[in-house]
Amino acid sequence: MDLQQIKYFLALSRELHFWNTAGKMNITQSALSRQIQSLENQLGVQLFERNKRNVKLTAAGQFLKEKWEVEMSKLEYIHQSARQIQLGESGTITIAHPDSISASLMPDILSRISDAFPKLKIKLVQVLYENQQEYLRNYKIDLAITRDINTAKDIHSEKIHTDHLAIVVPENHPYRTPKDLTKETLASQKFILPTNDEGSSYSDLIQRLFNSFENAPEVYLHSEFGSAIIALVRKGLGIAILPDSYVYHEISGIRFIKLPLETDLYINWRIEDHNLVLANVLKLIIP
């Protein structure tokens, strides 16, 4: 018994006419008859009652028709899903991204992916800087969007966007423009900054900003989470330096002062990964 025999049976069960069914299935009437007879022999069940004028399902045939129609629909769905995976139109992709672009860049990226591949499942995660390359190599994530420049030979990177750094202050803070930042005024500020990760080009960028003012900031709190830093700034516990993309979070009670320093965003993936889903998504993200 094979799938084609079941398809012949289901077609005949709907038509109840050998000649019409044979025409629709592109086989001869005698070949159709042999296939049905072979199926009955294999099952040990009579499927149709036949005479010169009529063909009708037996009770066993009616039972199998109802069951096989459901199972064949399931199989067709499975086969279609497999074809979509093969074409890179279905499956799952896991993307790591910084919290800073959750409300700026990510909605646009996800909209493009969803419009192009509506059956593709997307998993979003946030990964600590020191774990990003390991997660890529171990297939825990498929793409990593970062603010750090990649130097690993087995991971490919492309720049996809540029933001600016911004001073984040409470609404009632005296800082209003970048001109208000001086060596003297910075010396009296308490800073809440992202965790200073060794080897991070983003951490180096923030340090360059302080160096330009010949200032060593008083940092009393570090956090991996920009949203937590913003909440603490809003509470009046200090000021921060963050990407200006956080402005899209539309958080009240704080003010962003855009600085001339740029912070680039890179998308990173495994060089040897030939997954078509990944290739399709990259075409939508990389300018």
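The values are calculated or read from the model by the stated rules, or taken from the named source; none is laboratory data. None of these values were measured; they are calculated from a predicted model. Cβ coordinates were reconstructed from backbone atoms using ideal geometry, including for glycine residues, and neighbour counts include every protein chain displayed. Please note that ligands, DNA and RNA were not included when accessible areas were found on the heavy atoms of the full protein model with its side chains. Shrake-Rupley method; radii C 1.70, N 1.55, O 1.52, S 1.80 Å.
Residue by residue through the range 259-287, note down the ones that are among the basic types (Lys, Arg) and either at positive phi or surrounded by 17 or more Cβ atoms within 10 Å (Cβ to Cβ) (or both).
If the condition is that a residue be among the basic types (Lys, Arg) and either at positive phi or surrounded by 17 or more Cβ atoms within 10 Å (Cβ to Cβ) (or both), then Arg270 is the only one that fits.
Please determine, by comparing only the residues of the range 109-144 that are assigned to a helix (DSSP H, G or I) and within 12 Å of the chain's Cα centre (by Cα), which one is surrounded by the most Cβ atoms within 10 Å (Cβ to Cβ).
Ile109
Just a yes or no: is a residue in the range 211-227 surrounded by 18 or more Cβ atoms within 10 Å (Cβ to Cβ), outside any strand (DSSP E or B) and either at pLDDT 85 or above or in contact with a Pro (Cβ under 6 Å, 6 or more places away or on another chain) (or both)?
Yes, the range 211-227 contains a residue that is surrounded by 18 or more Cβ atoms within 10 Å (Cβ to Cβ), outside any strand (DSSP E or B) and either at pLDDT 85 or above or in contact with a Pro (Cβ under 6 Å, 6 or more places away or on another chain) (or both).
Filter the range 159-174 for residues that are more than 13 Å from Gly236 (Cα to Cα) and charged (D, E, K, R); which is least open to solvent (accessible area, probe 1.4 Å)?
Only one residue tops the list, namely Asp163.
Which of the residues belonging to the range 228-246 are under 24 Å from Gln126 (Cβ atoms), not in a strand (DSSP E or B) and not β-branched (Val, Ile, Thr)?
Ala228, Ala231, Leu232, Arg234, Lys235, Leu237, Gly238, Asp244, Ser245, Tyr246
Are any residues in the range 175-193 open to solvent by less than 50 Å² (accessible area, probe 1.4 Å), of a type outside the set (Phe, Trp, Tyr) and in contact with a strand residue (DSSP E or B) (Cβ under 7 Å, 6 or more places away or on another chain), and if so, which ones?
Correct list: Leu181, Gln189, Ile192, Leu193.
Take the residues in the range 44-68 that are in contact (Cβ under 8 Å) with a residue 24 or more places away in the chain and surrounded by 14 or more Cβ atoms within 10 Å (Cβ to Cβ); name whichever of them is nearest to Glu15 (Cα to Cα).
Within the range 44-68, the match that is nearest to Glu15 (Cα to Cα) is Val55.
Of the numbered conditions (1) under 30 Å from Lys121 (Cβ atoms); (2) open to solvent by less than 40 Å² (accessible area, probe 1.4 Å); (3) part of a loop (DSSP other than H, G, I, E, B); (4) not polar (S, T, N, Q), Asp197 satisfies every one except a single condition; which is it?
(1)
Has the range 86-93 got any residue that is part of a helix (DSSP H, G or I) and either hydrophobic (A, V, I, L, M, F, W, C) or in contact with a strand residue (DSSP E or B) (Cβ under 8 Å, 6 or more places away or on another chain) (or both)?
The answer is no, given that none of the residues of the range 86-93 is part of a helix (DSSP H, G or I) and either hydrophobic (A, V, I, L, M, F, W, C) or in contact with a strand residue (DSSP E or B) (Cβ under 8 Å, 6 or more places away or on another chain) (or both).
Would you confirm, using the coordinates I've provided, whether Asn41 is loosely packed, with under 14 Cβ neighbours inside 10 Å and without any contact (Cβ under 8 Å) to a residue 60 or more places away in the chain?
Yes, satisfied.
Within the range 1-37, track down each residue that is more than 16 Å from Glu71 (Cβ to Cβ), surrounded by 14 or more Cβ atoms within 10 Å (Cβ to Cβ) and among the small types (Gly, Ala, Ser).
Answer for the range 1-37, where residues must be more than 16 Å from Glu71 (Cβ to Cβ), surrounded by 14 or more Cβ atoms within 10 Å (Cβ to Cβ) and among the small types (Gly, Ala, Ser): Ala22, Gly23, Ser33.
State which residue pairs qualify: first residue among the charged types (D, E, K, R) and inside the range 266-287, second residue assigned to a loop (DSSP other than H, G, I, E, B) and at pLDDT 90 or above in any location, beta carbons under 9 Å apart, and separation of 6 or more residues or different chains.
Listed pairs, sorted by first residue: Arg270/Asp142; Arg270/Asp154; Glu272/Asp154; Asp273/Asp142.
If a residue must be more than 31 Å from the chain's Cα centre (by Cα) and among the small types (Gly, Ala, Ser), how many such residues does the range 218-241 contain?
2
Applying the selection to the range 230-258, what residues are surrounded by fewer than 17 Cβ atoms within 10 Å (Cβ to Cβ), within 26 Å of Ala144 (Cα to Cα) and in contact (Cβ under 8 Å) with a residue 24 or more places away in the chain?
Tyr248, His249, Glu250, Lys258
Kindly evaluate Asp204 against the criterion of being open to solvent by less than 70 Å² (accessible area, probe 1.4 Å) and either within 28 Å of Tyr135 (Cβ to Cβ) or of a type in the set (Gly, Ala, Ser) (or both).
No, not satisfied.
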